[in-house]
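Since the structure comes first, as structure tokens, the remarks are kept for the end.
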Amino acid sequence: MMPPKLILAPIDFSDSSRKALDVATDMASRLAASLLLVHIVPAIPDFPEGISIFKEGEYDSELHKTASKQLSELAATLENKNLNVRTEVGTANDVGMELVRIAEHDNVDMIVIATHGMSGWRRIAYGSVAQKVVEQAACPVLILREKATHHAVDSKGQPSASRAAAGG
């Protein structure tokens, strides 16, 4: 395998995706590769209270504008580190498949993606974007795994009452 020339870094602006971006940035720097920062806006977003369906277009537009601005700011920071960075905002209900589509369209050589560590019913309900990308992408995928469970502890290092009662 040749060193990657274009690395796709999906970002949803969560801590885990920012950590994955740090890894992708380091790889791109070491390998003289370009970065493609991608954020996917849900095609049918959960509207905040107070937004009517009649304002759906404005809301969608605002989500895209906000994502584009955040990606541009990230790209500018990375470009200051002498990296070649592009950004793209996609729209889809199936985030994993949209990432795969973008990767294929842009001839991406590698994808660096974080998991959010969901398990149980949350994973069934939300699916695994990272798993879908691994299964469908034509290029290598580096998965950075977030711990699947986080146990709350009290000041004495014991499981908190609410976690203990829930079996955590």
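The values are calculated or read from the model by the stated rules, or taken from the named source; none is laboratory data. What you see is a predicted model, and the numbers here were worked out from it, not measured in a lab. As a convention, Cβ positions derive from the backbone with ideal geometry for all residues, glycine included, and neighbour counts pool all protein chains shown.
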Practice task
With respect to VAL41, determine if the residue is modelled with pLDDT under 95, buried (at least 16 other Cβ atoms within 10 Å of the Cβ) and either hydroxyl-bearing (Ser, Thr, Tyr) or in contact with a Ser or Thr (Cβ under 9 Å, 6 or more places away or on another chain) (or both).
Solution key: yes
Practice task
Filter segment 12-38 for residues that are loosely packed, with under 15 Cβ neighbours inside 10 Å and of a type in the set (Gly, Ala, Ser) and give the result.
Solution key: SER14, SER29, ALA32
Exercise for the section: For segment 102-117, name all the residues that are within 15 Å of the chain's Cα centre (by Cα) and assigned to a helix (DSSP H, G or I). Expected result: ILE102, ALA103
Practice task
Give the residue that is modelled with the lowest pLDDT, with candidates limited to residues of segment 117-140 that are touching a helix residue (DSSP H, G or I) at 6+ places or on another chain (Cβ under 7 Å) and hydrophobic (A, V, I, L, M, F, W, C).
Solution key: MET118
Practice task
Those residues that are charged (D, E, K, R) and touching a helix residue (DSSP H, G or I) at 6+ places or on another chain (Cβ under 8 Å), I need them from segment 63-81; list them, please.
Solution key: LYS81
Completion exercise
Cβ pairs under 6 Å, 6+ apart or interchain, first in segment 6-26 and under 23 Å from HIS105 (Cα atoms), second surrounded by 21 or more Cβ atoms within 10 Å (Cβ to Cβ) and aromatic (Phe, Trp, Tyr), ordered by first then second residue, are none
Practice task
Name the one entry in LEU78, LEU83, LEU74 that is in contact with a strand residue (DSSP E or B) (Cβ under 8 Å, 6 or more places away or on another chain), at pLDDT 90 or above, part of a loop (DSSP other than H, G, I, E, B) and more than 24 Å from ALA137 (Cα to Cα).
Solution key: LEU83
Fill in the blank from the handout: Checked segment 21-38 for anything out of contact with any Asp or Glu (no Cβ under 9 Å at 6 or more places or on another chain) and aliphatic (A, V, I, L, M); matches are LEU21, VAL23, ALA24, MET27, ALA28, LEU31, ALA32, LEU35
Problem - Contacts under 6 angstrom Cβ, first residue in segment 125-148 being under 17 Å from ILE102 (Cβ atoms), partner at pLDDT 90 or above and of a type in the set (D, E, K, R), 6 or more apart - result: CYS139/ASP109
